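A.B. asks: Right, I'll just put the structure down here and ask away after.
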Amino acid sequence: MTIQNHLLAILPYVDDPEDKQRAAAIGLPFGDIYAQICARLNENPPQRSVRRAMSEMPDYVDHVGHTRGARWFKVRDTGMLRSEERMQTNTAIALRALRRVATYQLPDVVFAELEQKFAQAQATLDLGRDDRARQGKSWEAKFMKIDGTQPLVFPSIDPAIYRSITDALLRDRRLDIRYEPNKPVPEIAEYRKLSPLGLLDLTGLLYLIVHAPDKTRMLRVDRMRAATVREQAAQAIPGFNLEAYVRQSHLAEYMPEPEVELKLRIHPREGKYARTAAQHILTSIKLDANQQIRWDGGRRTFVLTARVRPSVSLRNFLHSQSDTIEVLAPASMRAEFAKRLRRMADRYASGCSD
């Protein structure tokens with residue numbers, strides 16, 4: 001064990017270092033700390049080595065008073081570091097990554113029970129003296145995940161509601177939910193005896209899939225106003241598979257329609273953010289695994305053909321590409337887009353009305 005590890009085993013824990021009187025009463029003088037370090041190591045390291053080790057741990061070690069009157073203590077409860085089962089550095093890196101990305105992918109009760117492991121992982125990286133610990137500590141600053149590409153701030157989720165729905169989902173219990181749908185006139189819907197089937201994180205919005213007496217529903221968690229767990233077993237749906245259900249129901253597409261053959265002409269982007277058609281997003285990301293691209297003679301534009309299900313999500317994507325996308329077929333969708341664009345043009349032509 002390193003001097004840092006021994007220090008954290010020796011130093012008393014102070015939960016409120018701002019309480020100077022209590023910290024001074026609990027803390028240890030350096031002489032006592034040094035004596036215990038020597039006993040643990042069965043040797044006498046230089047005092048400056050111990051002092052340097054303490055100075056390199058500002059997130060863990062603090063003191064009140066000065067010189068011989070100083071009293072030292074730790075400001076993090078690191079009892080888990082006294083365990084003989086030391087955490088491996090790679091495990092610590094993985095747990096820190098899990099801590100960042102799994103907020104809405106684990107039941108709240110499981111996440112809470114892992115908090116001590118998360119703290120141990122952080123301490124393992126903070127106090128490790130080898131290259132891998134140093135590399136692991138810097139890994140968090142080298143990886144970032146962005147949900148979606150729209151500059152949007154998503155609504156928050158009530159922690160108590162998330163705790164209830166994940167508890168019911170984990171233990172297969174029924175739920176009563178008070179829900180406020182997005183309607184012109186606010187109203188509260190009461191859903192009782194729902195059987196939760198799964199959680200769906202759809203680009204930043206969290207949905208609970210539930211089986212109700214009338215049908216299977218998808219409820220946005222941020223629109224829930226209350227969630228109560230019933231100590232009544234949820235109704236099992238034989239053979240239910242969340243991934244298959246989402247895929248077969250086309251939930252990610254939002255209000256899908258029957259499949260059609262979509263034809264688009266892709267034009268270059270002009271103006272301030274000019275890009276050629278060859279640089280268009282649809283040359284590297286596909287609407288359909290089997291989509292076809294046919295370039296014109298001068299390779300200035302191309303026609304893309306794909307089998308798709310028209311949906312709100314698809315329309316939003318096509319509109320987000322501004323004037324670089326022209327719908328050629330089906331004719332009904334081309335007419336729909338033309339009508340919408342004429343409406344937009346009329347609004348911009350009429351001047352700004354605040």
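A.B. asks: Using Cα pairs under 8 angstrom and six or more residues apart, how large is the relative contact order of the chain, in percent?
C.D. replies: It rounds to 10 percent for the chain.
A.B. asks: How much of the pair distance distribution for segment 3-81 lies past 17 Å, counting alpha-carbon pairs only, in percent?
C.D. replies: 40 percent
A.B. asks: Still on this model: Give Lys74/Lys137; Lys137/Lys286; Lys117/Lys193; Lys193/Lys286; Lys183/Lys286 a once-over and call out the pairs whose C-alpha atoms are over 30 Å from each other.
C.D. replies: Lys137/Lys286; Lys117/Lys193; Lys193/Lys286; Lys183/Lys286
A.B. asks: Rounded to whole Å, give me the distance from the Cα center of segment 196-240 to that of segment 157-184.
C.D. replies: 7 Å
A.B. asks: If you don't mind, there's one more thing I want to ask. Treating only the Cβ of Lys, Arg, Asp and Glu as charged (+1, +1, -1, -1), what charge dipole size does segment 159-235 show about its Cα centre? Round to the nearest 20 debye.
C.D. replies: Taking the Cα centre of segment 159-235 as origin, the dipole is about 100 debye.
A.B. asks: Roughly how tilted is helix 89-101, in degrees to the nearest 10 and between 0 and 90, from the longest Cα axis of the chain?
C.D. replies: 50 degrees
A.B. asks: Next up: What number results when the radius of gyration of the chain, computed over Cα atoms, is divided by 2.2 N^0.38 Å?
C.D. replies: So the chain has a normalised radius of gyration of 1.45.
A.B. asks: Which order do peptides 123-133, 285-295 fall in by mean Cβ count within 10 Å, highest first?
C.D. replies: By packing density, highest mean first, the sequence is 123-133, 285-295.
A.B. asks: Run lengths n ≥ 4 of DSSP H only: what is the helix-derived mean residue ellipticity at 222 nm for the chain, with -39500 (n - 2.57) per run over all residues, to the nearest 500?
C.D. replies: Result for the chain, helices only: -10500 deg cm²/dmol.
A.B. asks: Next question. What size of dipole, in debye to the nearest 20, comes out for segment 3-81 about its Cα centre when the only charges are +1 on Lys and Arg C-beta atoms and -1 on Asp and Glu C-beta atoms?
C.D. replies: 340 debye
A.B. asks: Another one. Based on the Cβ-Cβ distance from Asn44 to Arg134, what FRET efficiency comes out when R0 is 22 Å, to the nearest 0.05?
C.D. replies: Here the calculated transfer efficiency is 0.20.
A.B. asks: If you rank His66, His267 by fewest surrounding Cβ atoms within 10 Å, what's the result?
C.D. replies: His66, His267
A.B. asks: Only four residue types carry charge here, +1 at the Cβ of Lys and Arg and -1 at the Cβ of Asp and Glu. Report the dipole size of the chain about the Cα centre in Debye, rounded to the nearest 20.
C.D. replies: 960 debye
A.B. asks: Equivalent ellipsoid semi-axes for segment 40-194, as square roots of 5 times the alpha carbon gyration tensor eigenvalues: give them largest first, rounded to whole Å.
C.D. replies: Here the semi-axes work out to 44, 18, 17 Å.
A.B. asks: While we're here: Among Phe337, His66, Ile157, pick out the residue whose Cα is farthest towards the positive end of the charge dipole of the chain, where Lys and Arg carry +1 and Asp and Glu carry -1 on C-beta, about the Cα centre.
C.D. replies: Farthest along the dipole direction, towards plus: Phe337.
A.B. asks: If you take the Cα atoms of segment 242-354, find Rg, then find the Kirkwood Rh from the mean of 1/r over all pairs, what is Rg/Rh?
C.D. replies: 1.01
We did not get these values from a lab; they are worked out from the coordinates using the rules stated. This one's a predicted model, so the numbers in the text were calculated from it and none came from an experiment. Note: ideal-geometry Cβ built from the backbone for every residue, glycine included; neighbour counts use all protein chains shown.
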